[in-house]
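The values are calculated or read from the model by the stated rules, or taken from the named source; none is laboratory data. Since the structure is predicted, the reported quantities are computational estimates derived from the model, not experimental observations. All Cβ positions, even for glycine, are placed from backbone atoms using ideal geometry, and neighbour counts span all protein chains on display. Ligands, DNA and RNA are excluded from the accessible area calculation, which covers all protein heavy atoms including side chains. Shrake-Rupley method; radii C 1.70, N 1.55, O 1.52, S 1.80 Å.
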Amino acid sequence: NHWRREFEAQERAQAEGRYGCGYIPPGRFAREAKVGRTDLRLFALGYPEIAESWCRQVAPDPRSPKWERWRTIWTLGSLAEARAADVAPLLADLCTDPEDRIRWIAQHSLATADRSGVHRALFRSLAKQGETESVEALANWPDAEGLEICRSVRNKWMNQPSPLGGVHYYADAAIERIESVTSGTWEGLVRRTILEQDMVFSSCHLWWALRYAQDRRAPWLETVIRQRLKKDYEMGAIRMGTRGEMHSDVADDLLVALVEIGGALTEGEQAYLRRNGYACEPRSRLRELLDEWNYAR
């Protein structure tokens, strides 16, 4: 009921031209909490069999309520990323769904989970059609074919509307990333991005930079992340208070990357991550959040 009410409120706001207005708090964790993804991810990690069964029933069925279908696809993404269930083929099928929003979520989720490029051919095909998430995904597995596709997409949609909007910006970002790899300068781009990037939008390389450096086991990654966090701490952009206030739009991603590479964390950082559903036992944290949010169980 909570999810349905939230979806219906968004639908009304969109119909009235109000959707997207208002204050969006900075930081990955705040945005995930705002749209209900924190509890979905904990549910997927804590109860993968139940989550998978729910998703397989609802996600591929176009007759399912939109509000429920969207959430099952985010849940599939969490399952696939954690390798908690073999749901990547289902996500791949949903990447070509007739509904724009379903396709976007499915492509984003599959690109995040696919670390080795198993579905590269699918992303190439969708990128040629102007699908933004697939265009950006090509930089995850940089090669000459992906570079040519991104250049073609940029030229094709430079001055005309693309299927999901602004695809030439995503193509520009992907081209810069792929070219940095082919020229052997990717480490410089990654270091600059981590140390200097302010906002996480389509033109931002942060998510790619952290992923690419992790996949290549860059020995300097933890040091560079710590340098950036130190700067943001000193500027007051990060506050580990009771409510976990954030004025940084990148700190959450940096802390998650530290967890993923086994980096050292302070007690405050560990508590902050757990509060937001990371680096914790998912079932117990989910129970706590349900109580905090007064969800019916």
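State all residues of the stretch 130-149 that are free of Cβ contacts under 8 Å to residues at least 40 places away in the same chain, closer than 17 Å to ASP215 by Cα and surrounded by fewer than 23 Cβ atoms within 10 Å (Cβ to Cβ); if no residue qualifies, say none.
Of everything in the stretch 130-149, those that are free of Cβ contacts under 8 Å to residues at least 40 places away in the same chain, closer than 17 Å to ASP215 by Cα and surrounded by fewer than 23 Cβ atoms within 10 Å (Cβ to Cβ) turn out to be TRP141, ASP143.
Taking the stretch 47-81 on its own, how many of its residues are in contact (Cβ under 8 Å) with a residue 60 or more places away in the chain and either surrounded by 20 or more Cβ atoms within 10 Å (Cβ to Cβ) or more than 16 Å from ASP97 (Cα to Cα) (or both)?
Qualifying residue count for the region: 3.
Condition (residue is closer than 30 Å to SER152 by Cα and either touching an Asp or Glu at 6+ places or on another chain (Cβ under 9 Å) or outside any loop (DSSP other than H, G, I, E, B) (or both)) applied to the stretch 46-65: is it met by at least one residue?
Taking every residue of the stretch 46-65 in turn, none turns out to be closer than 30 Å to SER152 by Cα and either touching an Asp or Glu at 6+ places or on another chain (Cβ under 9 Å) or outside any loop (DSSP other than H, G, I, E, B) (or both).
Filter the stretch 268-287 for residues that are open to solvent by 70 Å² or more (accessible area, probe 1.4 Å) and charged (D, E, K, R) and give the result.
Scanning the stretch 268-287 gives ARG274, ARG275, GLU281, ARG283, ARG287.
Please enumerate the residues belonging to the stretch 163-189 that are among the aliphatic types (A, V, I, L, M) and outside any helix (DSSP H, G or I).
Hit for the stretch 163-189 is LEU164, nothing else.
Taking LEU265, is it at pLDDT 95 or above and open to solvent by 10 Å² or more (accessible area, probe 1.4 Å)?
Taking the combined requirement at face value, the residue satisfies it.
Checking the conditions here, which among ALA88, ALA111, ALA92, ALA127 is within 17 Å of the chain's Cα centre (by Cα) and open to solvent by less than 10 Å² (accessible area, probe 1.4 Å)?
Checking each option against the conditions leaves just ALA111.
Among the residues that make up the stretch 139-156, is at least one of them aliphatic (A, V, I, L, M) and under 30 Å from ALA84 (Cα atoms)?
So far as the stretch 139-156 goes, yes, one or more of its residues are aliphatic (A, V, I, L, M) and under 30 Å from ALA84 (Cα atoms).
Going by what's in this entry, would THR38 be described as surrounded by 15 or more Cβ atoms within 10 Å (Cβ to Cβ) and under 20 Å from TRP207 (Cβ atoms)?
Judged against the criteria, THR38 is a match.
Does the stretch 141-162 include one or more residues that are modelled with pLDDT of 95 or more, under 29 Å from ALA251 (Cα atoms) and part of a helix (DSSP H, G or I)?
no
Within the stretch 5-35, which residues are of a type in the set (Gly, Ala, Ser) and either surrounded by 13 or more Cβ atoms within 10 Å (Cβ to Cβ) or modelled with pLDDT of 95 or more (or both)?
Those that are of a type in the set (Gly, Ala, Ser) and either surrounded by 13 or more Cβ atoms within 10 Å (Cβ to Cβ) or modelled with pLDDT of 95 or more (or both): ALA13, GLY27, ALA30, ALA33.
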